[in-house]
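*Asks:* Have a look at this one before I ask anything.
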Amino acid sequence: MAPATLRDMAAADVDHVTAMDAALFGIDCWPRQLFMNELAAPDTRRYIVAEVAAAPGGGSAGPARVVGYAGLMCVPPIGDIQTVGVLPEFEGRGIARAMMVELIEEARRRGARDVMLEVSSTNPRAQDLYRRFGFEHIHTRRRYYRDGSDGLVMRLSLARRDRGNSDTASADTKEPS
């Protein structure tokens, strides 16, 4: 059973995703307009959300709840995971992993040979998730984030992964990009 249902992010999701991003990443959150700009560039971008069924017992079943989001920019030969976020109460359920699988496959479909991302040096859980996918730390951007933390640049070689030199494992996290 999938940890959540993934679908493409729509403009109607942006206010909720922006609020989630602010709660997750504080000073390093993205402004609403940045999400809107990303959605307006489908030739090079793909943004997804993860939904779970509304909680039973609360009267009306209501719509599904967006509990995670992630985005990719791809200009071959490079794909770049722009952001990944999962609400804390839904961490550990494989939601970030499922979104990463989808975005890595999207990068491959779009012709990427490598997938890049930046992750905060203060987020070991995200770093561990990315390493499990085969991402390698290739550079450190000192004081990259507005909170003063370093940004660790990581790369996944899709060609090497396709040859079977990478392992994927189940994990879950949130990570700023």
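The values are calculated or read from the model by the stated rules, or taken from the named source; none is laboratory data. If you're wondering where the values come from, they're calculated on a predicted model, not measured in any experiment. Positions of Cβ are generated from backbone atoms using ideal geometry, with glycine treated the same way; all protein chains shown enter the neighbour counts. Ligands, DNA and RNA are excluded from the accessible area calculation, which covers all protein heavy atoms including side chains. Shrake-Rupley method; radii C 1.70, N 1.55, O 1.52, S 1.80 Å.
*Asks:* So if I check each of Glu105, Glu91, Glu136, which one is farther than 27 Å from Arg7 by Cβ and acidic (Asp, Glu)?
*Replies:* The match here is Glu136.
*Asks:* Taking the conditions exactly as written (more than 21 Å from Ala4 (Cβ to Cβ), touching a Cys at 6+ places or on another chain (Cβ under 8 Å) and in contact (Cβ under 8 Å) with a residue 12 or more places away in the chain), does Arg110 satisfy them or not?
*Replies:* Yes; evaluated as a whole, the condition is true for this residue.
*Asks:* Shifting gears a bit: Every residue in region 77-88 that is over 14 Å from Leu24 (Cβ atoms) and either in contact with a Lys or Arg (Cβ under 6 Å, 6 or more places away or on another chain) or of a type in the set (Val, Ile, Thr) (or both), please.
*Replies:* Residues satisfying the conditions are Pro77, Ile78, Ile81.
*Asks:* State all residues of region 144-161 that are of a type in the set (A, V, I, L, M) and either crowded, with 20+ Cβ neighbours inside 10 Å or farther than 22 Å from Asn123 by Cα (or both); if no residue qualifies, say none.
*Replies:* Leu152, Met154, Leu156, Leu158, Ala159
*Asks:* I would also like to ask the following. On the given criteria, is Arg125 surrounded by fewer than 19 Cβ atoms within 10 Å (Cβ to Cβ), touching a residue at least 60 places away in the same chain (Cβ under 8 Å) and out of contact with any strand residue (DSSP E or B) (no Cβ under 6 Å at 6 or more places or on another chain)?
*Replies:* No; evaluated as a whole, the condition is false for this residue.
*Asks:* I'd like to verify a number: residues in region 98-122 that are under 22 Å from Val52 (Cα atoms), open to solvent by less than 10 Å² (accessible area, probe 1.4 Å) and β-branched (Val, Ile, Thr), how many?
*Replies:* Within region 98-122, residues that are under 22 Å from Val52 (Cα atoms), open to solvent by less than 10 Å² (accessible area, probe 1.4 Å) and β-branched (Val, Ile, Thr) number 1.
*Asks:* Here's a follow-up. When residues of region 83-97 are filtered for being surrounded by fewer than 22 Cβ atoms within 10 Å (Cβ to Cβ) and in contact with a strand residue (DSSP E or B) (Cβ under 6 Å, 6 or more places away or on another chain), how many remain?
*Replies:* Of the residues in that region, 2 qualify.
*Asks:* Give just the number: which of (1) part of a strand (DSSP E or B); (2) open to solvent by less than 60 Å² (accessible area, probe 1.4 Å) does His137 not satisfy?
*Replies:* Among (1) part of a strand (DSSP E or B); (2) open to solvent by less than 60 Å² (accessible area, probe 1.4 Å), His137 violates only (2).
*Asks:* Which members of region 18-30 meet the condition of being out of contact with any helix residue (DSSP H, G or I) (no Cβ under 6 Å at 6 or more places or on another chain) and either basic (Lys, Arg) or within 19 Å of Met100 (Cβ to Cβ) (or both)?
*Replies:* Met20, Asp21, Leu24, Phe25
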